[in-house]
Structure formats: structure tokens, C-alpha cells
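Since the structure comes first, as C-alpha cells, the remarks are kept for the end.
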Amino acid sequence: MLKKVAILANGGDCSGFNAVIRAIVKTAEKNGVECYGFLDGYRGLLNNDFVKLETSGLASGILNKGGSIIGSSLNANVFNYKVEENGQVVYKDLSEQCIENVKKDGFDCIFTLGGDSTQKSARDFAVRGLNVIGVPKTIDNDVACTEITFGYNTAVTVATEAIDRLHSTAETHNRIMCLEVMGRNAGWIALESAIAGGADVALIPEIPFDIQKVADAIKARQKEGKNFSVVVVGEGATYKDGEVVVKNVRDGGVGVINTQLGGIGEKVAQDLEKLTGLVSRNTTLGYMQRGGTPTAFDRVLSTKYGAKAMQLALEGKFSTLVVIKNGKLDYVSLEDVVGQNKEIGAVGSGTKEANAKLVTMDDDLVVTARSIGICLGD
């Protein structure tokens, strides 16, 4: 009998966190299960810092709120955790402390709301005996085994609105307007927002681009009397034979992603101005894509995910991730989610072993973009 469960939100914030939390809590209460939330993700699990979640208390009125009412942690890999001993920085596997906390607190299941890295740690805890159920979160939409993650639709909607606004400036001043969007190594946000916003060019990480071909596409528009263009650039996009542009390298510790991407949009804008003769400007959308009110789509998706996660717990189907498969709610093993990335404590994303879902050349979005004349730089 399930009596007591806990939720943790981990990784970068995104819209929909609270809607998932609310759905888990409401479903738990309907089935006589107590619900708690660890504060600040895996860091809260390590510090055993949690609060009670009830629809008559903290979990009330949160459906439309951005962010996470229980916080979220970045760079908190408890299997390789950064600590200071005798004035020196060392890395320790503190996962056993987390497991002891869960046992001591009497939690029958932990729900992990997060992306690749979060679910990699969830899998590693499952291997060590914890009852874990994951819910796929990330604006990047790159979690394996599911068709869509919560938070993605809101990010695409924000990016699309930005493209709409840049269109008017581009047309008024006969300029090239570039928009750099998030997504790391996945081009989902860039590609879908480019289609939704009527952009002329979409540069994504999965297709290294030839800047001259991009310039030629813009010049072709000029011959048609269109002296402006809108270019969407994924932050992880690269020039052919080039490397990803890194804004900063952080010292977040072993077993986490320390590279902060950014700057490719500005470089593309500068090069296009030289090659086309048109004034070119870049806007980096940044954290606007993460924050704020979730779309109706994300509220519904998050609610579906949360309710399904709690149902899986009631059925004893642990070590799983809730997914959308063929348009319907389903679940898969966390082993399938991490793929070949089996080493305990390894980085959850950004490596060759990681099982991130990237844009493929036969994806409907790629086929559609090519069909309507969006230049992809190849």
C-alpha cells in the first residue's frame, strides 16, 4: 500500500512544473496518499529538506504559475557531488545519504521532474533500490522515448511571438533580424518556432550550415523584392567544419554540464551583413523562454503527466518514465531512457553515450520546413 510519496523538481526551470506537482498531489489525495516536496531538487534530497504538499495549502492555485513552488537545483549530481574538505575541493558519491533519507522519511516513491540529467540520476537511484518514477521536463524537448516534454510548447510559443515582433522591425527597416533561441544540442525550438513564425531561415544543431547558402537564400528574396529576412538560430547550431559557440565554462563539478552556450546568433548576424550588404541584427531570447505562465497546451500536458505518474505509483510500476507515445499517455523503463549511458553518476546529457532525442532529417518538421522554402543552411 502506497502511503507517502515525494516530488522533486530538478534542472532548469520551465513552465508546467507546478501543473505537474498539482496533478500528482490531487491524484494522491484522491487515493489517500500523503504528498511532500523536496526543496531545490536533488540538493533537497541530499539535505533532507522537504515540505508537505496539499491542495488546501502550498499546492493550491498553482496551475498557471511559472517556475516551481518547491524550487529546482542545477548542477547537483549527488553521485559526484562537489564538497570542500580541508580547504580542497573533492567530489563524493553522496547518493547513499539520499537513499537513507528516503528510507528514514518513509517515502514509498520519489517523482523526479526533469530532463536528461535528472532522469539519468533517477535511473541510477532505481538501480540502487529506490522506487522512482520520472516525468519528462525540458524546454529543449530532447528527452528520449517521449514525443514531447512539458515546458516545450510554452518555449516555442514565446519564441514564435518574438519572431512575429522581429518581422515588423525587419520589414520596416529592410534588415535581417536573427533570433537566437535555446535548445542546446537539439533544434526543436528553433525549427518549430521558425515554421510557426514564418521565418525564412532556421539553423539547427543537427544540420551544420554553410553561411554562404544562407546568404544566397536571402539574396534570392531580395530579387523578389523582399529586402528583409528573419533568421532563427538554435544556440547549438554550428558552421560547417566549425565548433559550437560557448559563452562561458562554469566550474559546476564533475558529472554535470559546465558549458554555457551562446553567441552563435550574433556571429551569424555579423557574417550575413558582410555577405548580403543588408543591416543585420541579433536578438538572444534567453531565459524568456523558460519563465512565466504555461500555455493551455502545457497545462493540460503537465496535468496528464502528473496524474499518470501517480497512477503508475499506485500500480507499483516503478523505475519508469511517463511518456507520450503515438499521441497517448504511456510509460517506458528508465533503462530505455538512458540508453547506453549506464555508468552510475555519469553526465545525463551532452555526451556520445547520452540518449538525447534530436531532430532527424526525416522528421515532419524538417520535411515541412523544406517544403515551404525555409532555408536550413545545407
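The values are calculated or read from the model by the stated rules, or taken from the named source; none is laboratory data. Everything numeric in this text was worked out from a predicted model, so none of it was measured. Because the Cβ atoms are built from the backbone with ideal geometry, glycine has one as well, and the counts that use them run over all protein chains shown.
Checking Val366 against (1) surrounded by 13 or more Cβ atoms within 10 Å (Cβ to Cβ); (2) not assigned by TED's automatic domain parsing to the domain that holds Ile189, which single condition isn't satisfied?
Evaluating Val366 over (1) surrounded by 13 or more Cβ atoms within 10 Å (Cβ to Cβ); (2) not assigned by TED's automatic domain parsing to the domain that holds Ile189 leaves (2) as the failure.
Out of the residues in the stretch 213-272 meeting the condition of being part of a strand (DSSP E or B) and modelled with pLDDT of 95 or more, tell me which one is farthest from Gly12 (Cα to Cα).
Only one residue fits best here, namely Ser229.
With Asn48, Asn80, Asn10, Asn101 as the choices, which residue is surrounded by 24 or more Cβ atoms within 10 Å (Cβ to Cβ), in the same structural domain as Cys145 (by TED's automatic domain parsing), under 19 Å from Leu130 (Cβ atoms) and in contact (Cβ under 8 Å) with a residue 40 or more places away in the chain? I'd like the intermediate steps shown before the answer.
Numbers: Asn48 fails: surrounded by 24 or more Cβ atoms within 10 Å (Cβ to Cβ); Asn80 fails: surrounded by 24 or more Cβ atoms within 10 Å (Cβ to Cβ); Asn101 fails: surrounded by 24 or more Cβ atoms within 10 Å (Cβ to Cβ).
Just one listed residue meets the conditions, Asn10.
So, of the residues in the stretch 341-373 that are charged (D, E, K, R) and part of a loop (DSSP other than H, G, I, E, B), which turns out to be nearest to Ala144 (Cα to Cα)?
Lys357
Tell me, please, whether a residue that is over 21 Å from the mean Cα position of the chain (by Cα), at pLDDT 95 or above and not hydroxyl-bearing (Ser, Thr, Tyr) can be found in the stretch 336-353.
No, because not a single residue in the stretch 336-353 is over 21 Å from the mean Cα position of the chain (by Cα), at pLDDT 95 or above and not hydroxyl-bearing (Ser, Thr, Tyr).
Report, by residue number, each residue of the stretch 310-328 that is surrounded by 15 or more Cβ atoms within 10 Å (Cβ to Cβ) and either within 19 Å of the chain's Cα centre (by Cα) or at pLDDT below 95 (or both).
Thr320, Leu321, Val322, Val323, Ile324
Identify all residues within the stretch 70-84 that are closer than 23 Å to Gly291 by Cα, of a type outside the set (A, V, I, L, M, F, W, C) and modelled with pLDDT under 95; write none if there are none.
Taking the stretch 70-84 first, the residues closer than 23 Å to Gly291 by Cα are 70-76.
Within this subset, residues satisfying the condition of being of a type outside the set (A, V, I, L, M, F, W, C) are 71-73, 75.
Selection gives Ser73, Asn75.
Conditions: (1) over 19 Å from the mean Cα position of the chain (by Cα); (2) part of a loop (DSSP other than H, G, I, E, B). Gly292 meets all but one. Number of the miss?
Of (1) over 19 Å from the mean Cα position of the chain (by Cα); (2) part of a loop (DSSP other than H, G, I, E, B), only one is false for Gly292: (1).
Just a yes or no: is a residue in the stretch 273-288 charged (D, E, K, R), in a helix (DSSP H, G or I), free of Cβ contacts under 8 Å to residues at least 60 places away in the same chain and within 30 Å of Thr172 (Cα to Cα)?
yes
Considering only the stretch 104-129, state which residues are in contact with a strand residue (DSSP E or B) (Cβ under 6 Å, 6 or more places away or on another chain) and either surrounded by fewer than 17 Cβ atoms within 10 Å (Cβ to Cβ) or among the aliphatic types (A, V, I, L, M) (or both).
Gly106, Ile110, Leu113, Ala122, Ala126
Cβ contacts < 8 Å: first residue of a type in the set (S, T, N, Q), restricted to the stretch 356-378; second residue in a loop (DSSP other than H, G, I, E, B) and modelled with pLDDT of 95 or more, any location; separation 6+ or different chain. Result?
Going by the 8 Å Cβ cut-off, the qualifying pairs are Thr360/Glu206.
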